[in-house]
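The values are calculated or read from the model by the stated rules, or taken from the named source; none is laboratory data. Note that the structure is predicted; figures quoted are calculated from it, not measured. Because the Cβ atoms are built from the backbone with ideal geometry, glycine has one as well, and the counts that use them run over all protein chains shown. Each accessible area value is taken on the protein alone, full model and side chains, heavy atoms only, with ligands, DNA and RNA left out. Shrake-Rupley method; radii C 1.70, N 1.55, O 1.52, S 1.80 Å.
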Amino acid sequence: MANRTDPRARNIHGTNPQNLVEKIVRSKIYSNTYWREHCFGLTAETLVDKAMELDHFGGTFGGNRKATPFLCLTLKMLQIQPEKEIVVEFIKNEDYKYVRILGAFYLRLVGKPTDVYQYLEPLYNDYRKLRQKTAEGKYILSHVDEFIDELLTRDSHCDITLPRLPKRYTLESAGTLDPRISALEDHFEEEDDEEEGEDANGAAPMEVDNARGHHENDRDKDRERELDRERDRHRDRDRDRDRERDRERGHHRESERDRDYYRDRDRDRDRDRDRERDRERDRERGRGVDRRHRSRSRERDRDRYHDRERSRSRERGVDRDRDRDRGRERERERRPRDRSASAEPEERGARRRRERDEGAEEGEMRENGDGKKKKKKAPAADGTDHPDPEIAEANKLRAKLGLKPLK
């Protein structure tokens, strides 16, 4: 809402008054702190107080193109569109020079060509000094008449493109504008009136001629004096401009020196950083080589250790196999001996048992008289009646333990 044009405002040059300021510059003004804090809610009456506080004029400045308060107040006037009488009072104000140039700048943007020439040309006689803020953010010396001359002759001022203004002689030839009246015309008219009064009082022709010649001499002297004053003013302005240019050049040289100094310092820093990086890389490479060498040596030691362990384990396995084979051979050798030593009494006892059994069977057959043999008893299920006494003993033990008998 604060950036909108007053709905009662009229279009200027066929467009919204705020569109006379380029969109980029307008956005810079909207984002400015001065616009937000001091230009909000201003009216035509309260805007005069803000204009009286101005101490310089200019467009945008700095790297981010910040808008000056003069430019902010100009846009605010385009937004609220004050009456023509108020703008004329701004221009006629002789106490505050920045109020005067603010009104002149606004009239140059929105006024008609005839009004522009009519109200701005008298300001050529105002030679007061002004402070102008450049695009670099520095201040230079200027004057009110210079400011008015730039408004009437240039196409842009304070980063704002000015509307097209016809030449003065074009308006004079069209009859819409009267010829310009110099400030010295009034002085000349007063002198002419004095001469006419003397003629009416009946002065002698010779005296009148002498008086006229004297007055003409005075006119010439006044003209020369005025020209001398104008020359002195231009000289002073040129001198001030030259001084300002020299200052700008000196500042420019100093800034160039500072830039060169900072560039060299940055280059030295970059060079030192590159060297340090190269050294660090070499160190890392050396560390990497050492690590690789160490890892390789560790791998070699591990391989050697594993080979040794393998060879030792193989030797141990061979020794175990040998001991095993030797033990088996010894066992094999012992078994036949034990079997032969233990088998002889057992075979003898078995033979005796068989003989006894056979004798008992024959006696029974004899007693029965039928000559038939009795049926053999069925073997025991637990294997305790096995003919081999060793197996029979083992089956007894297995029966006690609850295991199956051996066959």
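Rounded is the label for the stretch 17-173. Its Cα gyration tensor axes, ordered a ≥ b ≥ c, give a/c under 1.5. Charge tally for D307 (other residues, Cβ to Cβ under 12 Å; Lys, Arg +1; Asp, Glu -1): +4. Charged neighbours of K28, selected by a Cβ distance under 13 Å, balance to +3 (K, R count +1; D, E count -1). Between I160 and any residue 5 or more places off or on another chain, the built amide H atoms are never under 5 Å apart. When the accessible area of the stretch 141-181 is computed with all protein chains present and a 1.4 Å probe, what percentage of it is carbon and sulfur? Its accessible area is 48 percent carbon and sulfur atoms.
3J(HN,Hα) along the stretch 387-394, derived from phi through the Karplus expression 6.51 cos²θ - 1.76 cosθ + 1.60 where θ = phi - 60°, amounts to x, 7, x, 5, 5, 4, 4, 5 Hz, with x in place of Gly and Pro. The residues of the stretch 17-173 expose, per residue, 47 Å² of accessible area to a 1.4 Å probe. D246 sits among other residues whose Cβ lies under 11 Å from its own Cβ, and their net charge, with Lys and Arg +1 and Asp and Glu -1, is +3. Put simply, the amide H of K66, placed in the peptide plane, has neighbours under 5 Å in F61, leaving out anything fewer than 5 places away on its chain. In the stretch 219-331, the portion of solvent-accessible area held by carbon and sulfur atoms comes to 35 percent [1.4 Å probe, whole percent, DNA, RNA and ligands not counted].
The gain in end-to-end length when the S31 to H251 segment is fully stretched comes to 76.2 nm, 0.36 nm per residue minus the alpha carbon separation. In sequence order, the stretch 107-121 has phi-based couplings of 5, 5, 7, 10, x, 6, x, 5, 5, 4, 5, 5, 9, 9, 4 Hz under the Karplus curve 6.51 cos²θ - 1.76 cosθ + 1.60, θ = phi - 60°, and Gly or Pro positions carry x. Carbon and sulfur: what percent of the stretch 1-101's accessible surface (1.4 Å probe)? With neighbouring chains kept in place, the figure for the stretch 1-101 is 49 percent.
A simple rule links phi to the HN-Hα coupling: the Karplus curve 6.51 cos²θ - 1.76 cosθ + 1.60 with θ = phi - 60°, which for the stretch 77-93 gives 5, 5, 6, 8, 6, x, 5, 5, 4, 5, 5, 5, 5, 4, 5, 7, 6 Hz, with x for Gly and Pro.
Using the Cβ-Cβ distance between L227 and E83 with R0 set to 35 Å, the FRET efficiency works out to roughly 0.30. Of the peptides 17-27, 291-301, the order by per-residue mean of other Cβ atoms within 10 Å, starting with the highest, comes out as 17-27, 291-301. In the structure shown, do any of K92/K167; K28/K76; K112/K167; K76/K129; K28/K112; K84/K112 have a Cα-Cα gap over 19 Å, and if so which? From the list (K92/K167; K28/K76; K112/K167; K76/K129; K28/K112; K84/K112), the Cα-Cα distance tops 19 Å for K92/K167; K76/K129; K28/K112.
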